[in-house]
Amino acid sequence: MSTWPRDETPLSPAADEERRRDIFAFLRDGGQHHVAQITAQGADWLASASACPRSTLTLWESRPGAPVVVSCGGGVFDVVNVPAIFGRRMLDRLWSEGPGSGPVAFHRGRMLLFAAPGTAQRLPSLLGWEEWGSAVPPLLCHGSGDAITVPPLSPPPAANGTGPRWVVAPDTRHPWLPGPEVLLWACVRAARATSAARVRISIFPPADQDAKVYDVSRRR
């Protein structure tokens, strides 16, 4: 028989749901969906990658305005960490031409794209075989045994939108996540766009890169 840590003893579904409502009451938004606002179910999903999910949730609840440290791997999710500008180009391709994305966070000048388990191991190898791989900036791929910092569950307003924030927040207990092949495709498309932009001359000012709205209803 497996032994559960004291704070990990399973509760009944009704009791567990009640506890979740109490702890994450500040996450509820009256039924209105906001792409950039994490939900209680999304917080559950993030915590499920840790060894002690309930302890993790309790810690986050005690400091909702502080950045959150999450564990990667564990068969839940990997994370691909890319420079912000290149990450925006990847998101543009994923949402305009592809299947959409999973949760995405912005933190300290980097885009954190949540991906299917195993992506951290396979994506660098796939890029190594791709002729455009050398045009892709170095990626940080976080998998089993790694941990990352993501925006707070309840972030304070940031000046000019430059602080940590969710671009596509986790809003369900089982979000769709892109695999290594999908992210390889997005990396190559973004690299090609970057190469083309270097030789393109425009009389128009650059668009506001922070004014992106992603329709999560397209996410599979």
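The values are calculated or read from the model by the stated rules, or taken from the named source; none is laboratory data. Remember, predicted model here, so these are calculated numbers, not experimental data. Positions of Cβ are generated from backbone atoms using ideal geometry, with glycine treated the same way; all protein chains shown enter the neighbour counts. Surface accessibility is based on the protein's heavy atoms, side chains included, excluding ligands, DNA and RNA. Shrake-Rupley method; radii C 1.70, N 1.55, O 1.52, S 1.80 Å.
For the reader, a short list of remarks on this structure follows.
- Pairing each residue of the range 41-58 that is closer than 12 Å to V69 by Cα and free of Cβ contacts under 8 Å to residues at least 40 places away in the same chain with any residue that is outside any loop (DSSP other than H, G, I, E, B) and of a type in the set (F, W, Y), provided the two are 6+ apart or on different chains, yields C-beta distances under 8 Å for A47/W60; A49/F77.
- Residues that are farther than 24 Å from P152 by Cβ, modelled with pLDDT under 95 and charged (D, E, K, R) do occur in the range 115-131, at least one of them.
- Criterion violated by R218 - all others in (1) among the basic types (K, R); (2) closer than 30 Å to G74 by Cα; (3) at pLDDT 85 or above satisfied: (3)
- Going through (1) open to solvent by 10 Å² or more (accessible area, probe 1.4 Å); (2) hydrophobic (A, V, I, L, M, F, W, C); (3) in contact with a Ser or Thr (Cβ under 6 Å, 6 or more places away or on another chain) one by one, A47 falls short only on (1).
- Taking the criterion of being surrounded by fewer than 19 Cβ atoms within 10 Å (Cβ to Cβ) and in contact (Cβ under 8 Å) with a residue 24 or more places away in the chain, the residues of the range 122-132 that qualify are L126, E130, W132.
- Identity of the residue in the range 133-148, in a loop (DSSP other than H, G, I, E, B) and not hydroxyl-bearing (S, T, Y), that ends up farthest from V82 (Cα to Cα): G145
- Only helices (runs of 4 or more DSSP H) whose full extent lies in the range 32-132 are considered here, and the ones with at least 1 residues that are in contact with an Asp or Glu (Cβ under 7 Å, 6 or more places away or on another chain) are 40-47, 53-62, 119-129.
- W45 among the aromatic types (F, W, Y), at pLDDT 55 or above and touching a helix residue (DSSP H, G or I) at 6+ places or on another chain (Cβ under 8 Å): no
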